[in-house]
Amino acid sequence: MSYLVLARKWRPREFDDLVGQEPITRILKNAIAQGRIAHAYIFSGPRGVGKTSSARILAKAINCKEGPAPVPCGRCESCAAIADGSSVDVIEIDGASNNSVDDIRDLRGRVKYAPSGGKFKVYIIDEVHMLSGSAFNALLKTLEEPPPHVIFVLATTEMRKIPATVLSRCQHMPFRRISSGAIRDRLRAISEQEGIAISAVALGLVARAADGSMRDSLTILDQLASFSTDISDEDVKSLLGLTDFSLLLQVSAALIRGDRTGILGAVELLSEQGTDIRSFARELVQFFRDLLVASVMKDPGDALDLNQEELAAVRGLAAETSEDQMTLMLSELVNAAADIRGSSSPRLALEMALIRASFLSALKPIREVIEHISRYGVEGCAPSAVAGTGETAVEAPAPRAPVSRARAATGQANRPGQQPVAQSCAASAEGPVDVLDAWRKAVSRLEQPTLSSVLLQAKAEVKGDELVLILNGGHAELFEESISKHLRPLEKWLQEEAGRKLKITTAVSNKKTVRKRDLREKALKEPVIKEALELFDGRIVDIQPVDDTDNNENGGDNV
Amino acid sequence: MALREVIGQERAVDMLLGALRKGRLASSYLFCGESGIGKKMTAVNFARAINCPATDHRHGIQDDEPSIFPADIFPSPESASPNADAGISGLDACDSCESCIKFVSGTHPDFLMVSPEERQIRIEEIRMVEESLSFKPFEGRMKVVVVDDAEMMNPAAANAFLKTLEEPPAASVIILVSSRPELLPATIRSRCSRILFSPLPSEACRRVLEGKVPDQALDIITRLSMGRPGLALSADLIAERDWFFELLGGMLRAEKDAWSSRDDMERWLDLLLIFLRDMTVFRVTGSGKGLINGDLADEVKRLAQSLEVKGIIYIYRELSFLKGMLMFNLNKSVTWNYTASLLRKEMAV
């Protein structure tokens, strides 16, 4: 008999062996004990959490000669036949290979025959998500009302591919990822019985690397057992291609200090050591997360998987930087890790990503910038003022980025450029406000919507007995004729509304209207803003003219 | 060639030999690592070691089962591999028996290699594998199937393979080889023992290439291969780089596109990315040390002069994004013009 891998050898044989799926095992056990077994189940969940195993245990439990019993005896011929896969009453179908409607028709043809030895015929359809659409539909009637001796168990990793019509005919058992603690305990029990010596730390590392899957963890344990008799955490790290803590620390320190030569040296070392660059990128993300946790929490003992020495080192490094900066770097690195994973040359991608991230080390935390500003008293706290002036400029826009990314950007009010103009004229007009009010009423009596909107957009000023309309260049030319035609009735209406006679004159504004598009272009040309945008893949969300009078040197930039 | 002679993948080889020694052969393996670092070669040699009758593993046919080979046909392992150290002999392939020779000539009946056709491995091929695995080994100990570029399996093929991967017939080993394992479904990855391969350290890479490339070019080629000797052996890296510079020159002079195929584009962009990386390294360190194109330091310097590190990184990111889009059938001349304008704008050449 050839060697059986641990994952197969230790496949759960009864419900109590199944780790981490307590709610489901309880439902199934109770259903069997009470004789309330549904005719169709669907087991879903990630890989290696016990779906196929549960299906087999269920089949065993209901066909056991002593049963149906929640705990199959494991000795009777039915149990033995199911265990070695030779039972004629338990039919395991690979849904991915037999996915056509013909396969399902064939199955329907066979369903009606009574079981040969056991009480039930159990059809286990694994990877059921691969059935074709018509195959699913062909199954529906059988699935809803199967012969009394038939039980279906569908198992799948991709729940979303199962049609709702199938789902509604089955009892759904959602399997969960197994916690790393539960995996560790199970691994310990198995390795003891297998005579594998493995340290507690190493077990923890294996359990974590398995990412919630029992099978993955056993596969790793199997490999470890094959090249070492006394498994240490070093062995696990070497097998999984994990990086030394000191090297991680070195790279992170270089990154935080902006030491680019150091970064290149460290990457060189990594590749000479044969470290897996892709998993290194993931670990670096984890490391920055640890850094952040260490600086946020007073007592991070439980949240971090580090020993005292490592914790001290992490704390030391966290003290060199700020939370803002770490957050920025972390989000840079998360993006970089994705890039590196997809790159054909991970080393190059890692180098470039780290160098890019190292520029973040030049940024000052926003707290410092604010202190800086208040200390040196930059007039006006509008961002544009900061962006336009000297040294602070480099610092100011960048720390703003996280704020605006959180969509907390200031000034969401989307005012059109001209409105402030009208408002300011209302405030600064010499004449009583009611004259302007009257003017508006007068215009509204004009039965020409286009013209009246043009007139309302124009800036109106009262000068003695004159109402001066300041039109912008385009409007003045275009509407000159029609305005002069309607001037007389307008004057009359104005007199009626305002109660006094005013002469209406028109003037052409020579000031260009500020348009958002122009502002945006202007802002984009600003080197500081350009750099900030490039560095963070940002874009300008909104621009607000800061003040009408300062000719809009800078729009406030909300990246 | 035996497993021991695979250069620069000590970790992987140790693991495989350990599995042989302890008789803990997994039923399915996933060999992953970048292309050109010896994954497939190791897989073939592993299959050989498994099947070499001169070896003495505890897996496969039971000890008391009579061997189908008369023992005296084969030289004893000691005389067959004189340079193998004592702990290894008896595990590794002998290189001289009938089985090993059949491997060399590619006619071993218990060995099957599947590779993608037209960038895909289809369900038919997987069915063929399953059928072949359903028979007992013909003359060796175990049937070995190697699936090269396993990430090219289409979803139907991958799913159809799952049940076989998890519980293959007795006396069979499946080895998936992939340079992009993250593209494989998690359900496949979880069923395989994963063996990591990494690019070779430069010393080992040099050893592999020694004697296979012209001596005077050994240094340069070692560096250009970036720890992937397979690349250097399958193509003339220096000629390739000359081709790259020729096209780069043409591009900067606003000539028309000169790529002939999509593979061309991909390779060219790869080389450009390497060159940009070198420019960055040069700007950071200010010296020619650590450059991949070490022999062209002057050229790197000349082009890097006009650029800030940030500018280079900007181009790098744009182009690596572009490279990622290649699979969507980018128009060749549009891509060319875009790249050209990007370079000209930033480099001010």
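No lab work stands behind these numbers, since they all come straight from the coordinates. It should be emphasised that the depicted structure is a prediction, and the values quoted were computed from it without experimental measurement. Here the Cβ positions follow ideal geometry from the backbone for every residue, glycine too, while neighbour counts run over all protein chains shown.
Odds and ends about this structure:
- Footprinting exposure proxy ranking of A:TRP439, B:TRP259, fewest other C-beta atoms within 10 angstrom first, gives B:TRP259, A:TRP439.
- At least 27 Å along the helix axis (C-alpha) and Kyte average at least -1.0, DSSP helices within chain B: B:262-285
- Among A:SER134, B:SER99, a tally of other beta-carbon atoms within 10 Å of each Cβ gives an order, fewest to most, of A:SER134, B:SER99.
- Theoretical FRET efficiency, 1/(1+(r/R0)^6), r = Cβ-Cβ of A:LEU487 and A:ASP437, R0 22 Å, to 0.05: 0.65
- Taking a straight line from the alpha carbon of A:LYS65, these aspartates and glutamates sit under 19 Å away, with near neighbours fewer than eight places off in the same chain left out: A:GLU14, A:GLU77, A:ASP84, A:ASP89.
- Taking a ≥ b ≥ c as the square roots of the eigenvalues of the alpha carbon gyration tensor, region A:292-368 is oblate, as a/c is not under 1.5 and a/b does not beat b/c.
- Cross-link pairs exceeding 26 Å between alpha carbons, from the set A:LYS51/A:LYS141; B:LYS289/B:LYS332; A:LYS459/A:LYS530; B:LYS40/B:LYS143: B:LYS289/B:LYS332; A:LYS459/A:LYS530.
- Partner shielding of B:162-173 amounts to 4, given as the average count of beta-carbon atoms from other chains within 10 Å of each residue beta-carbon.
- With the simple model of a label 7 Å out from the Cα in the direction of the Cβ, B:ASP298 to A:MET159 spans 6.6 nm.
- Kirkwood analysis of the Cα pair distances in region B:1-48 returns a hydrodynamic radius of 11.1 Å.
- Take the Cα of A:LEU167, go 7 Å toward its beta carbon, and the backbone nitrogen atoms of region A:137-160 under 14 Å from that spot belong to A:156-160.
- Peptides B:293-300, B:23-30 ordered by average Cβ neighbours within 10 Å, highest first: B:23-30, B:293-300
- For the pair region A:187-233 and region B:193-229, the centres of their Cα atoms are 34 angstrom apart.
- Modelled spin-label separation between A:ARG13 and A:GLU310, with each label point placed 7 Å from Cα along the Cα-to-Cβ direction: 3.7 nm.
- At an R0 of 25 angstrom, the distance between the Cβ atoms of A:LEU524 and A:GLN457 translates into a FRET efficiency of 0.35.
- Fewest-first ordering of A:THR157, B:THR280 by other beta carbons within 10 Å of each residue's beta carbon gives A:THR157, B:THR280.
- Here the sum of -39500 (n - 2.57) over DSSP H runs of 4 or more residues, divided by the residues of chain B, equals -15000 deg cm²/dmol at 222 nm, to the nearest 500.
- Potential extension, A:ALA38-A:GLU145 segment - 0.36 nm per residue separation minus Cα distance: 37.4 nm
- Top of B:PHE135, B:PHE103, B:PHE111 by mean-square fluctuation, Gaussian network on chain B, Cα under 10 Å: B:PHE135
- For residues of A:345-355, the mean tally of beta carbons on other chains within 10 Å: 6
- Cβ-defined net charge surrounding A:LEU487, 12 Å radius [Lys, Arg +1; Asp, Glu -1]: +1
- With the charge dipole of region A:1-86 set up from +1 on Lys and Arg Cβ and -1 on Asp and Glu Cβ about the Cα centre, the Cα lying farthest toward the positive end among the listed residues A:ALA69, A:HIS39, A:LEU6 is that of A:LEU6.
- Global geometry of chain B, whether rounded, prolate or oblate, following the gyration tensor of its Cα atoms and the 1.5 cut on a/c: prolate
- Judged by the ratio a/c of the largest to the smallest principal axis of the C-alpha gyration tensor, region B:235-347 counts as prolate, that ratio being 1.5 or greater while a/b is larger than b/c.
- Exercise: per-residue mean of other protein chain Cβ atoms within 10 Å, A:217-224: 4
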